[in-house]
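The values are calculated or read from the model by the stated rules, or taken from the named source; none is laboratory data. These numbers come from a predicted model, not from an experiment. Positions of Cβ are generated from backbone atoms using ideal geometry, with glycine treated the same way; all protein chains shown enter the neighbour counts.
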Amino acid sequence: MAYAPSSTTSGIHLPDTARELVKILIAGPFGVGKTTLIDSVSEIRPLHTEERLSEASVPVDDLDGVREKSTTTVAIDFGRISLPGGIVLYLFGTPGQERFRALWEDISYGALGALVLVDSRRIDASFDVLGLVEESGLPYAVAFNSFPDAPRHHTEEQLRAALDLEPGTPLVTCDARDANSSIDALLALVQHLIDRDPPERR
Amino acid sequence: MTGRRGGRPLVPAYLSTGGVARPSRPQLERLTVLSGSGELAPAGLPAAQLALLDALRGGSLTVMEAAALLELPVSAVRVLAAGLVDRSLVLARAPIPPAERFDPDLLKRVADGLRALKHN
Ligand SMILES: Nc1nc2c(ncn2[C@@H]2O[C@H](COP(=O)(O)OP(=O)(O)OP(=O)(O)O)[C@@H](O)[C@H]2O)c(=O)[nH]1
Ligand SMILES: [Mg+2]
């Protein structure tokens, strides 16, 4: 083979077994733990793309021309998990501020659902992202990341009320630094997708 | 559900797309799989297209991964890849067969796969 697998390639190329590619959005405000969660479960070192906030179309003649464009950009992290049977699950770290709306719509296209991260120190920072998720019609679960310096303890009841969650919306506590905890949060979402009755989009 | 109890504003109904109305559906999705076709690149191919072809020599990449690798916006990679697909230099494959999207069996396999990842 001309291109034998070697450790010099970053391992970014897809495994030959990859058949079905699916994605879940990891959404939340700045500093809530999106990159940490993706990093804790991804098989590749998390990558990112720089995305323009306004999706203006630019002529592409050469790389330099594109790189020189000075526009406001935001970094979108993503990671990847290969599952048995040729399924590849992508996690897209998605900032949820209102000004990212156009980008949000593009990224959420085709997603299975969203895991919305809530920061225990500032719950209201997730209001925007919850609004965007609900508008897009994406099913979602909420993962509450508890930080040691949170001002006070919340009961599940209080959290649900503060976030105004539907009774059926899963709410789990998560430590994004812990792989098993992150997987549990993802599982809560996927189980919610399976249980939805009847599925809204078929 | 009854009215909002929390401090979060209501999403006005006219803003809701219900998850279906996507006005500008992109041809190449972020997770569309790109592979080199193996055809020889003609002389005079723009540098950016050559760079993408080069990245595909090591194997297949999604649009998103190609963008990360080339340090280009996804919108630019979409344009580059579409040009290469037109020239039969690159093959593009949708992330999942359309019929399988939201298939309960697919979701169950995702859940099983995630469960298997735990405790190791
Ligand atoms: N205690 C605790 N700390 C966390 C958790 N998740 C993330 N952190 C820490 O919070 C900080 C910010 O986490 P990031 O993963 O960078 O947050 P982010 O959402 O990617 O932030 P932006 O990319 O800036 O939007 C890091 O120092 C993490 O170690 C968590 O679940 N619990
Ligand atoms: Mg981040």
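Quick notes
- Among the residues examined, A:Ile107 does not qualify as facing chain B (nearest Cβ under 9 Å) and away from ligand 2 (no atom under 16 Å from the Cβ).
- Residues that are within 7 Å of another protein chain (Cβ to nearest Cβ) and within 19 Å of A:Ile81 (Cβ to Cβ), drawn from region B:102-112: B:Leu106, B:Leu107, B:Lys108, B:Arg109, B:Val110, B:Ala111
- Residue list for region A:21-56, restricted to those being away from ligand 1 (no atom under 13 Å from the Cβ) and part of a loop (DSSP other than H, G, I, E, B): A:Glu43, A:Ile44, A:Arg45, A:Leu53, A:Ser54, A:Glu55, A:Ala56
- Residue within region A:141-148 that is of a type in the set (Phe, Trp, Tyr) and crowded, with 19+ Cβ neighbours inside 10 Å present: yes
- In the set (1) out of contact with any strand residue (DSSP E or B) (no Cβ under 8 Å at 6 or more places or on another chain); (2) under 19 Å from A:Gly96 (Cβ atoms); (3) within 16 Å of ligand 2 (Cβ to nearest atom), the condition left unmet by A:Phe127 is number (3).
- Selection status of A:Phe127, farther than 18 Å from A:Thr72 by Cβ, within 14 Å of ligand 1 (Cβ to nearest atom) and in contact with a Leu (Cβ under 9 Å, 6 or more places away or on another chain): no
- The criterion of at least 3 residues that are touching an Asp or Glu at 6+ places or on another chain (Cβ under 9 Å) is met, among strands (runs of 3 or more DSSP E) falling completely within region A:69-138, by A:73-83, A:87-95.
- Residue count for region A:27-51, restricted to those that are more than 9 Å from ligand 2 (Cβ to nearest atom) and within 14 Å of chain B (Cβ to nearest Cβ): 12
- Checking each residue in region A:155-183 for being among the charged types (D, E, K, R) and not in a loop (DSSP other than H, G, I, E, B) picks out A:Glu156, A:Glu157, A:Arg160.
- Restricting B:Leu61, B:Leu117, B:Leu80 to residues that are crowded, with 22+ Cβ neighbours inside 10 Å, facing chain A (nearest Cβ under 9 Å) and at pLDDT below 95 narrows the list to B:Leu80.
- Residue within region A:139-146 that is in contact (Cβ under 8 Å) with a residue 40 or more places away in the chain, part of a loop (DSSP other than H, G, I, E, B) and facing another protein chain (nearest Cβ under 9 Å) present: yes
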